[in-house]
Amino acid sequence: MSLAQAALVSSLSAGSSSTPTAVGKEKAPMIQSTLLAALDKAKDKKKRVLTLENGDELDLMSSLPVTPQVLGAMRARIVELENEIAQQPPKKRARLSHAPDADEASTSAAGPSTASLKADEKKRKMQVKKMFDRLKRECKSDAVKFQGSAKIIKFDEVYSEAEFDMLFKGKGLLIQPTPNNKPKSVVTIIHFHSQAHIESFFGEELKPLKGNNWTRGGIPARTFGGGFGGFGSTFTKSVKTGAVDIAIRSLEVNYSKNNMKCTLKFEVAQLGGYNHGYDSDY
């Protein structure tokens, strides 16, 4: 019998411990029904017995007579339970009362849940897609003129430290900070100088890039209508001639924890173009 059940019986017995009267006899059935109702609500359906002073055992889950012997046995059981609780060390009682349940313990040991990991991966894909879409727009802009050689495209993003780690931790080649290179620096530098690094970072978001081919400007050209003998000279302008395929050669990342600024420096080149040097954009 639990302590709560025993306490209930004790409180019920207080009103019936005196010599039975006519009124007391009328209340006895009500006390018994109340006691049985409380016992029926017990979660533990295991058979419980109450041992009387004479050695007899009564089933606590059945109807109990309200007699001095029964009340005396219940009082003795209550005192016994209270003594057992009082003898427990305080630390042990606190540990038992605050112990996590099995589900909490297993979750803590297993680390982040599958749902949490999937949510983080979804966030990362969104950030990578946003970065690649920005690069696509820059490649197609008139400010970036592909004329056979590699081009540098640089832009800034703002990331919290957690977002930066989610995107770049474990990717590429860490240049700084390292144990041998500014280990306490708040500036992180990562290089992606191989195709394997590029593919690992962008994953399925790595798609074909397009840019525009331009003629080279600044070439002297003769014109009519000016100068000696009716001739003049000027310089040709760069002209867009059509779309070309573009590939990423490398990426350099520079991130500051202080202002959360992340500078992304891409080296891109048209497929089939020169293998060295950069265009002038003129």
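Residues checked against (1) surrounded by 14 or more Cβ atoms within 10 Å (Cβ to Cβ); (2) touching a strand residue (DSSP E or B) at 6+ places or on another chain (Cβ under 9 Å); (3) outside the structural domain of Ala247 (by TED's automatic domain parsing); (4) among the charged types (D, E, K, R):
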residue	(1), (2), (3), (4)
Asp165	no, no, no, yes
Gly170	no, no, no, no
Glu199	no, no, no, yes
Phe202	yes, yes, no, no
Arg216	yes, no, no, yes
Self-check item: Residue check, Gly273 buried (at least 18 other Cβ atoms within 10 Å of the Cβ), of a type in the set (Gly, Ala, Ser) and at pLDDT 85 or above
Solution: no
Quiz item: Can you spot a residue in the range 200-219 that is at pLDDT 90 or above, within 13 Å of Val268 (Cα to Cα) and either small (Gly, Ala, Ser) or not in a strand (DSSP E or B) (or both)?
Solution: yes
Quiz item: Would the range 172-186 turn up any residue that is farther than 24 Å from Val268 by Cβ, assigned by TED's automatic domain parsing to the domain that holds Asn259 and in contact (Cβ under 8 Å) with a residue 60 or more places away in the chain?
Solution: yes
Practice problem: Out of Leu71, Leu52, Leu64, Leu60, report the one residue that is surrounded by 10 or more Cβ atoms within 10 Å (Cβ to Cβ) and in contact with a Lys or Arg (Cβ under 7 Å, 6 or more places away or on another chain). | Solution: Leu60
Exercise. Identify the residue in the range 138-162 that is under 22 Å from Lys240 (Cβ atoms) and among the polar types (S, T, N, Q) and, among all such residues, is surrounded by the most Cβ atoms within 10 Å (Cβ to Cβ).
Key: Gln147
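The values are calculated or read from the model by the stated rules, or taken from the named source; none is laboratory data. Please read these numbers as outputs of a predicted model, since none were measured by experiment. Note that each Cβ is placed from the backbone with ideal geometry, even for glycine, and that neighbours are counted across all protein chains shown.
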